[in-house]
Each structure stands twice: as C-alpha cells, then as structure tokens.
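Chemist: Pasting a structure below so you can have a look.
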Amino acid sequence: MQEQTNITQEKILELYGDYLLNHGEKPKNIFLFARENDFEEKEFYHYFSGFEQIERQMFDHLFTKSLELASEVNIADDVTTKEKLLNVYYIFFENLTMNRSLVLSILGNSKIQNIKTLQSLRETHKQFIGTLDFNDWDLIDKSKDLRKLNEKSRQEALWLHLVSAIEFWKKDTSPDFEKTDIYIEKSIDTGFQLMDHEPLKKIFDLGKFLWKERLNMR
C-alpha cells in the first residue's frame, strides 16, 4: 500500500513563499526543494509544472480567497455593482499587503515579468467581472465611452485598471498604503468618466505599454 502524503497545493505555496523570503531567490531545482521539505519530487507535479506556475498561482490564490471573503458581504441585495467591485479589491489589496515582501519579491521591477506572473489572476479577474451587472452602475450611463465597450472590452479595461492599481501599490509609501485605497476608489469613481482626461488616460497608456511588451515577449 502506497504511503499517504501530507503535501497539498496550499502547503507547496506556503513552502515556496517561505523559501523565497528566507533565501532571496528561487530554489535551485524542484528535486532539492522537495527533498528539503520531506516530500517526493513527483508529488510536486500533482499540482505544479514548475516554480513559475507556483508564482502565477499565488496571485490567483490570493484573489480567489478575496472573492470568497467578499461574497459574505456582496450577497446582500442592496449591494451595488461598484460596491461589490470595491469590496473585492479592498480585501485583495489587504491580502497583498499581508504578503507584501513575498509579492514584491515575485513581481520585481519588470513589467514584462508582471504580465507573465499575473496571467492566472487575469483569467480569474475576467470571470469575476463577468458576474457583475453593469446595468445598475450609473457610471455606465455617465460615460458614453465606456458604454460603447462590449463585455470583452469592458473586462479588459477593468483588468488594466487593476494592473495599474497593483503598480501604484508597489510604489506606495503612505501609512498602511492608504493612498492605494484612495487611488482605487477615486479612479473607479471618476476615472471612467474622464476618458479624455489624465486619470483614465494614464491607465490605458500603461495598459498599451504592458500589452505591447507582452507581444514583444512572444
């Protein structure tokens, strides 16, 4: 009878995060990482194909947990679409802050690296945006430009907004990163009404740069 293992996907995420924080670099290889943590290399492949996939999964994991926590509040009938979005974002950025050293270690300074690392998060975020009812958001009525966007384009616009918020949070030096919360709320409240003005223009300029870099990477 094969011996049962206690290793899980979440445990590997935890062990990998601890390694990065303690060593300041990735493990040399999967075999050594597994041996140092008392499990077989083949067990690693039940969950991940490599360390890069772990890093992508970490952001997806934090966002998924944020969705679960926010659902306890967002389930109420009187919660608006904008409030649902903000509730998820505030919890997500709290989770990022709780793991800031690890998150910054993974993201680094390269925007190309960010895009590769955030691929799984992008898909989960896209699914979340797809669950929101934008018909009850007066922002759509106020912004003729946003109203013109189809669902896919709207998902892309909101994804680029989240990316810009992560970039802002990375550089935020305010106590408790309070300026990031302000940035998120103000850019959602006013940015999408100002398509031809600086707040949203900066978001889309950043988005164009990031996706241009992604295309160059392929």
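The values are calculated or read from the model by the stated rules, or taken from the named source; none is laboratory data. Here the structure is a predicted model, which is why all the values come from computation and not from measurement. As a convention, Cβ positions derive from the backbone with ideal geometry for all residues, glycine included, and neighbour counts pool all protein chains shown.
Here's the yes/no breakdown for (1) hydroxyl-bearing (Ser, Thr, Tyr); (2) in the same structural domain as GLN119 (by TED's automatic domain parsing); (3) within 30 Å of VAL88 (Cβ to Cβ):
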position: GLU14; (1), (2), (3): no, no, yes
position: ASP18; (1), (2), (3): no, no, yes
position: GLY24; (1), (2), (3): no, no, no
position: LYS28; (1), (2), (3): no, no, no
position: PHE33; (1), (2), (3): no, no, no
position: ASN37; (1), (2), (3): no, no, no
position: PHE59; (1), (2), (3): no, yes, yes
position: LEU62; (1), (2), (3): no, yes, yes
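Chemist: In addition: May I ask you to say which residue of ILE166, ILE188, ILE184 is modelled with pLDDT of 90 or more and surrounded by 13 or more Cβ atoms within 10 Å (Cβ to Cβ)?
Modeler: When all the criteria are applied, what remains is ILE166.
Chemist: When segment 78-99 is examined, which residues are found to be in a helix (DSSP H, G or I) and loosely packed, with under 14 Cβ neighbours inside 10 Å?
Modeler: The answer is MET98, and nothing else.
Chemist: Being charged (D, E, K, R), closer than 18 Å to LEU86 by Cβ and modelled with pLDDT under 90: is that true of ARG154 here?
Modeler: Considered against the rule, which asks whether it is charged (D, E, K, R), closer than 18 Å to LEU86 by Cβ and modelled with pLDDT under 90, ARG154 comes out as yes.
Chemist: Tell me, yes or no, whether segment 61-68 has at least one residue that is crowded, with 19+ Cβ neighbours inside 10 Å, of a type in the set (Gly, Ala, Ser) and farther than 15 Å from TRP169 by Cα.
Modeler: The answer is yes; a qualifying residue exists.
Chemist: Determine which single condition PHE39 fails, assuming it passes every other condition in (1) over 21 Å from LEU107 (Cβ atoms); (2) touching a residue at least 24 places away in the same chain (Cβ under 8 Å); (3) not in a loop (DSSP other than H, G, I, E, B).
Modeler: It is condition (3) that PHE39 fails.
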